[in-house]
Structures are given as C-alpha cells and as structure tokens.
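S.K.: For reference, the structure I am asking about is given below.
The values are calculated or read from the model by the stated rules, or taken from the named source; none is laboratory data. Small disclaimer: the values here were computed from a predicted structure and weren't measured. Every residue, glycine among them, receives a Cβ derived from its backbone with ideal geometry; neighbour counts consider all protein chains shown.
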Amino acid sequence: MHFKPRLFFPALAALLVVTRLCHLGILWAEESLPLAAAGEMLRGKVLYRDIWFDKPPLVALWPLVWGAGDGWRLRLAGALFALLACWIAYRFAREVWSEREGYWAAGLLAFFLTFDVPSAVIPLASDWLMLAPHLGAVWLAWKRRPFWSGVLVGIAFWINPRAAFVAAACALWNPAGLAWLVAGFAVVSGMAGVWLWLAGAWPGYWDEVWHWGRLYASVPLMENPLRSGLVRTADWAGFHAALVVAAVGFFYDAARKRDVSAEGLPHKSLQWAAWCLLCLAGVAAGWRFFPRYYFLLLAPMVIVAARGFTTMGRWWKVAVLLLLLPLGRFGPRYVMLAAGQTNWNDTAMDRDSRAVAALIRREARPGDTLFVWGFRPEMYVYTGLPAASRFLDSQPLTGVPADRHLTESTPLDEGAAQKHRAELAGTHPTFLVDGLGLYNPALAITKYDDLRAWSGEYREVAQSGQSVVYRRVPKAR
C-alpha cells in the first residue's frame, strides 16, 4: 500500500474540510461555551475573573485565533486542527517504523475524526483539543526530547487535566528524561499561572475549574459506573473494531519476533500496551465514559493499529472492511447535512436557540444585554449580544451540572449557588431567556424565591417549544 505525500495529505485535508463544512448550520454543546467566553474576552472581560468558565483556559483562548466566530471560520479551524493531529500521527509512526505505517496512522485518525459521534468529533472541545499535543508529547518523548515533550504536556494540561495520563505515558517512553519533562511542563504552567495571577483570575480559576470539577467528579452520573463503563468501552471497541483487530495483529506480531524501528532501535510491545492502558485509565477517570473521553485512547490506538495493518499480511483487507461499520453509521449524516436536513433529536436544542436568537435580534437595540438560564451559551453567539453577568450558563446558579440538569434538580453546592444568584440579582440584562424550565420545571428560573424580586422586572414576550423569552420592564417608582 503506497501513496504519494503530495496526494495523500491534500486528500485528507479535503475530507476534513468538506465534512466539517457540512456542520455550518449547527453549534454543538461542547463548543458553544468556549465561543461565548471568547466573545466576552474580545469585549474586554477576563476569563475566570469576569467570566465563569469551568474548563482550563486554553479551551476558551483557542477561539480567539479566528476571532471567536462560528460558521466557516470555526469549521475550517476544526479541519486544520484535525490535519495537524494527523500529520503528527504520520510523523510518529513513520519514524518508529516506516512511511507505510505513517500513512495508516494519519488515515485512520482522519477517518475516526470524521465518522464518529458528531457531537464528539466536530466540536473543538477540551478532550478533542488535547489530541494533537498528546500525540506530539509522546512522539517527542520517544525521540528523547523530554523538555519539548514536557512543553506539550503542559499545553495539554491547560486544555484538559487528563493530561496527567499523557505525562505518565511520556515518562514511560523516556524515564531517563523525567527531570527535563518536568522542566518543560513547569515552564508552560509557570507562564499560565503568572498570567492568571496578574489578571486577578487565579481565585476564579481555582474555584471554577478545580473546586467545581471536584464536586462534579464526586457524584457519578450512573448508578453502576463500573458496569456502564464496561458496556460503553465494549461499544467503543466494537465501533472501532478495525483499530482493535489491527492492534491485536500488532501485539501478535510483536510476540512472535522482536519489533524494531527503521533505525534498528528495539521497541518492546509492553510499552505500547502500557500507553494504551494508561489512556484507558484516563477515560475511566470520573466514571462518566462520554464518547469524547475516548479521544485519549484513540491517540495510541491509531499508532499501534497502523503497525498492525502492515504486519497482518492479507488479513489487513478484512480489518479494513470493519471500517464500513462507522462509515455506514455516520456517512449518511453528511449527505443529509449537505442537503439541509438537520431535524434530528440531538440538534433540536440548537435549532431552538437559533430561532430564539433570531427573535431577539429583531427586537434588540444598541446597548442591550442578555442572560440565558440553562446551558444554552450558543444564544450569546447567535444573538451577538454581550452577557449581562459573568455567568454564561446556570450551572453555578443552580448547582446542578449540565449533564444532568434536564432531569435532576439536586445541587452539588447549594451555598455557592445562593451566593451566585445574589450576584446575578445585581445585574440588569435587557433580555432574559429561560432555556431550562420547559425541560425541567423544578429548575425554572421562576422557582427561585431569592430571584423573585429580580425576575419581577421582566415580562414574557415570546415562547418557543423549549425556551421562554423575557424582556426587562422596570417597575415604576
């Protein structure tokens, strides 16, 4: 199997660009909050100090590169990030073995960054963004460049705390370079920490990312998280059967003979297996097993599978046929999107947000502001209105995380939520949208006694299938 680089990477780029442009009319949940936060930063606000944000800072800073816009700029940025990750996978596998493995690694990564759960592979969200620095960090650790490996681990950490498992993998590949690895990490983290401190954002960062994150992780989403994790991991393995079969082929071949790189350097299969197991442990951290968490495992699997495809003899064709499973499941979605068909259950909330935003834009005047109750930050993006408060969603106001607030109403920290609601009551947005109450009446904004006087200044002006729009009408004195 041979491709010329001048044809291979343009083909990958075309696949990534075209498929992502099909999502021009949708904002997925995981990308809406970073875009809204970046938009507020462009208005002069400081992350964590003036904007409540529960993800590491680089998740919100990346959108500033393309002006925090949605539409084609967002989708083109996603395609370029994916292409970067594919190039790193190509270089890693090529240098460990040969150019054939490099092509397989890049091709497999591009395929699974296209034909997988759309809400996971399309948004430039935290777990997705860590993919490129993850691959790059381990590649550089393998190349015995521990300082720069540590720099990439540091970048990954300020994208996603699961980078701790990436650091462990890097130490596994080059234990002698551990001190330099730590030094590289410390340089990046030190710069980030100084920036947060000088901006007055450190207390907010600690509270919003780490304190809230600890509370979030302390309450499992499922009654039996171990059983759910086993089922979801088995589902992931079945859906990615081509990778699993090729990986088995790799380990089988490595067990039969010593596996060596193109330069004749020995590589123990146990190191590759340990990398995969570390990433699987990272997926399990927090006991939630969302599809996007498996990007951590996808990184080593495409490298290992790339080698497996080249050592399986004629059986590689059988493994390739397994790619028809994800292609058949998600390929038709792109055809539907290209035809303008987006009436799916998982895009219903986004469609509602667009409709509500269109209504608000017709009524808005210069200087108007917005507050959205619920996890609907895409409304800030669609309306273009500035946020009236530092809260872009209602998680810190109800104490209920967004992954359960449509059906549950038990707060993780009622004391902090009350304090935040008191802060909200000191703001005066022009428009107030309750995007949660029609889903879960127990969490409707009108249910909170401590907001009753504040919400009394608002009158309902419209209602969609999933949102209630209010406009401020101050009481006469």
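S.K.: When only residues in the stretch 355-364 that are surrounded by fewer than 22 Cβ atoms within 10 Å (Cβ to Cβ) and in contact (Cβ under 8 Å) with a residue 40 or more places away in the chain count, which is nearest to ILE26 (Cα to Cα)?
M.R.: Filtering the stretch 355-364 for residues that are surrounded by fewer than 22 Cβ atoms within 10 Å (Cβ to Cβ) and in contact (Cβ under 8 Å) with a residue 40 or more places away in the chain, the one nearest to ILE26 (Cα to Cα) comes out as ALA355.
S.K.: Looking at ASP403, ASP352, can you tell me which residue is touching a residue at least 60 places away in the same chain (Cβ under 8 Å), of a type in the set (D, E, K, R) and part of a loop (DSSP other than H, G, I, E, B)?
M.R.: ASP403
S.K.: Further, regarding this structure: Would you mind finding the one in LEU12, LEU7, LEU64, LEU16 that is without any contact (Cβ under 8 Å) to a residue 40 or more places away in the chain and either of a type in the set (Gly, Ala, Ser) or closer than 27 Å to MET312 by Cβ (or both)?
M.R.: That would be LEU7, the only listed residue that is without any contact (Cβ under 8 Å) to a residue 40 or more places away in the chain and either of a type in the set (Gly, Ala, Ser) or closer than 27 Å to MET312 by Cβ (or both).
S.K.: Among the listed residues ALA141, ALA120, which satisfies the condition of being of a type outside the set (Ser, Thr, Tyr), crowded, with 24+ Cβ neighbours inside 10 Å and at negative phi?
M.R.: ALA141
S.K.: So, one more: Scan the stretch 24-34 for residues that are in contact (Cβ under 8 Å) with a residue 60 or more places away in the chain and surrounded by fewer than 22 Cβ atoms within 10 Å (Cβ to Cβ) and jot them down.
M.R.: Scanning the stretch 24-34 gives GLY25, TRP28, ALA29, GLU30.
S.K.: While we're on this one: Residue by residue through the stretch 1-60, note down the ones that are in a loop (DSSP other than H, G, I, E, B) and basic (Lys, Arg).
M.R.: LYS4, ARG43, LYS45, ARG49, LYS55
S.K.: Among the residues in the stretch 215-226, are any of a type in the set (Phe, Trp, Tyr), modelled with pLDDT of 90 or more, within 23 Å of TYR294 (Cα to Cα) and within 21 Å of the chain's Cα centre (by Cα)?
M.R.: No; the residues of the stretch 215-226 include none that is of a type in the set (Phe, Trp, Tyr), modelled with pLDDT of 90 or more, within 23 Å of TYR294 (Cα to Cα) and within 21 Å of the chain's Cα centre (by Cα).
S.K.: Hey, another quick one. What are the residues in the stretch 77-101 that are surrounded by fewer than 24 Cβ atoms within 10 Å (Cβ to Cβ) and over 24 Å from LEU35 (Cβ atoms), if any?
M.R.: The answer is TRP87, ARG91, ARG94, GLU95, TRP97, SER98, GLU99, ARG100.
S.K.: List the pairs whose first member sits in the stretch 245-270 and is assigned to a strand (DSSP E or B), whose second member is among the basic types (Lys, Arg) and at pLDDT below 65, and whose Cβ atoms are under 9 Å apart, counting only residues at least 6 apart or on separate chains?
M.R.: PRO266/ARG258
S.K.: Being within 22 Å of LEU243 (Cβ to Cβ) and at pLDDT 95 or above is true for just one of GLY44, GLY39, GLY107. Which residue is that?
M.R.: Exactly one of GLY44, GLY39, GLY107 is within 22 Å of LEU243 (Cβ to Cβ) and at pLDDT 95 or above, namely GLY107.
S.K.: Would you be able to say whether some residue in the stretch 425-432 is more than 27 Å from ALA68 (Cα to Cα) and more than 29 Å from the chain's Cα centre (by Cα)?
M.R.: yes
S.K.: Considering only helices (runs of 4 or more DSSP H) fully contained in the stretch 94-169, which possess at least 1 residues that are in contact with a Ser or Thr (Cβ under 7 Å, 6 or more places away or on another chain)?
M.R.: 99-112, 118-121, 131-142, 146-157
S.K.: Kindly provide the set of residues from the stretch 438-477 that are among the small types (Gly, Ala, Ser) and either over 35 Å from the mean Cα position of the chain (by Cα) or under 15 Å from ARG421 (Cβ atoms) (or both), ordered by number.
M.R.: ALA444, ALA453, SER455, GLY456, ALA476 - these are the residues of the stretch 438-477 that are among the small types (Gly, Ala, Ser) and either over 35 Å from the mean Cα position of the chain (by Cα) or under 15 Å from ARG421 (Cβ atoms) (or both).
S.K.: From LEU337, LEU327, grab the single residue that is in contact with a Cys (Cβ under 8 Å, 6 or more places away or on another chain) and modelled with pLDDT under 95.
M.R.: Criteria check complete, one pass: LEU337.
S.K.: Does TYR334 qualify as being surrounded by fewer than 19 Cβ atoms within 10 Å (Cβ to Cβ) and of a type in the set (Ser, Thr, Tyr)?
M.R.: The answer is yes for TYR334.
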